[in-house]
Amino acid sequence: MLLGDIAARYNVRNVDALRALTKKVAETVRTEVSFSTLHNTLKSIGFSISKDTLIAYLGYAQEAYLLFNITNATAKFVEREGSPKYYFSDNGLLNLFIVDRETALLENEIAVALYDRFGTDLHYAKSSKTGIDVDFYLPEAKLAIQVAYSIAGEARECEISNLIRLARADTAIKRLVIVTKEEEENIEQQGISIEVIPVWKFLLTLGDGGNG
């Protein structure tokens, strides 16, 4: 229904392509994606729309509050604008388009809450040079966040090491957090403190101003 409203409002002729694009964006939640990648993906499944049209469709979806995006704070301008991470403004809408739901819905929920609280100050941080790959980075709030359904097994070291790399690169960061579905603990490693906090409790701290 929402896609139909977007198509009618913006006179979108190829509604099937808009629907396919929305599904593909849903499948990229949690990862950066370029316009070229989305364009090639649509082309591979039979939708021959131009890249400019694809960019316009994404703009319509954002103006209609279906999607929002965040950019890589560590990238150059062209890379930052051309390869954002997209999230859905409502978890119920995202749930309609994806199969592997648990982690994507958890991260999307956190993204929505952070975007509502911080707006365009919300970014992610990713650098092949430094090895940093952090889900949410808020330099002004001095906050960095990883989202993991669980930090059991190999996920634990991965999430911790990414936050430590960022903390070494930006010593102004005051709060490092791993948001999980249910797990909670405090980690001290290499002189750096990291909170592991369940999603419900983290959302409450945002309501209190985000300072824990």
Across the stretch 73-92, which residue is nearest to TYR149 (Cα to Cα) among those that are in a helix (DSSP H, G or I) and modelled with pLDDT of 90 or more? ASN91
Quick check on the stretch 32-40. Is at least one of its residues open to solvent by 80 Å² or more (accessible area, probe 1.4 Å), assigned to a helix (DSSP H, G or I), farther than 28 Å from ALA152 by Cα and at pLDDT 95 or above? yes
Which condition number in (1) open to solvent by 20 Å² or more (accessible area, probe 1.4 Å); (2) over 20 Å from ALA104 (Cβ atoms); (3) at pLDDT 95 or above is the one that GLY212 fails? (3)
When you go through VAL99, VAL112, VAL177 one by one, which is the residue that is open to solvent by less than 10 Å² (accessible area, probe 1.4 Å) and touching a helix residue (DSSP H, G or I) at 6+ places or on another chain (Cβ under 9 Å)? VAL177
Considering only the stretch 156-170, state which residues are open to solvent by 30 Å² or more (accessible area, probe 1.4 Å) and assigned to a helix (DSSP H, G or I). ARG156, GLU157, CYS158, ARG165, ARG168, ALA169
Hits in the stretch 125-150 - residues which are in a strand (DSSP E or B), within 23 Å of GLU184 (Cα to Cα) and either open to solvent by 10 Å² or more (accessible area, probe 1.4 Å) or among the hydroxyl-bearing types (Ser, Thr, Tyr) (or both): ASP133, ASP135, TYR137
Before we move on, is ILE49 closer than 29 Å to ASP135 by Cβ, in contact (Cβ under 8 Å) with a residue 12 or more places away in the chain and of a type in the set (Val, Ile, Thr)? no
In contact (Cβ under 8 Å) with a residue 60 or more places away in the chain and either open to solvent by less than 40 Å² (accessible area, probe 1.4 Å) or small (Gly, Ala, Ser) (or both): is that true of ILE6 in this structure? yes
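The values are calculated or read from the model by the stated rules, or taken from the named source; none is laboratory data. All figures in this text were calculated on a predicted structure; none of them were measured in a lab. Reconstructed Cβ throughout: ideal geometry from the backbone, glycine too, with neighbour counts over all protein chains shown. Surface areas here come from the heavy atoms of the whole protein model, side chains and all, with no ligands, DNA or RNA. Shrake-Rupley method; radii C 1.70, N 1.55, O 1.52, S 1.80 Å.
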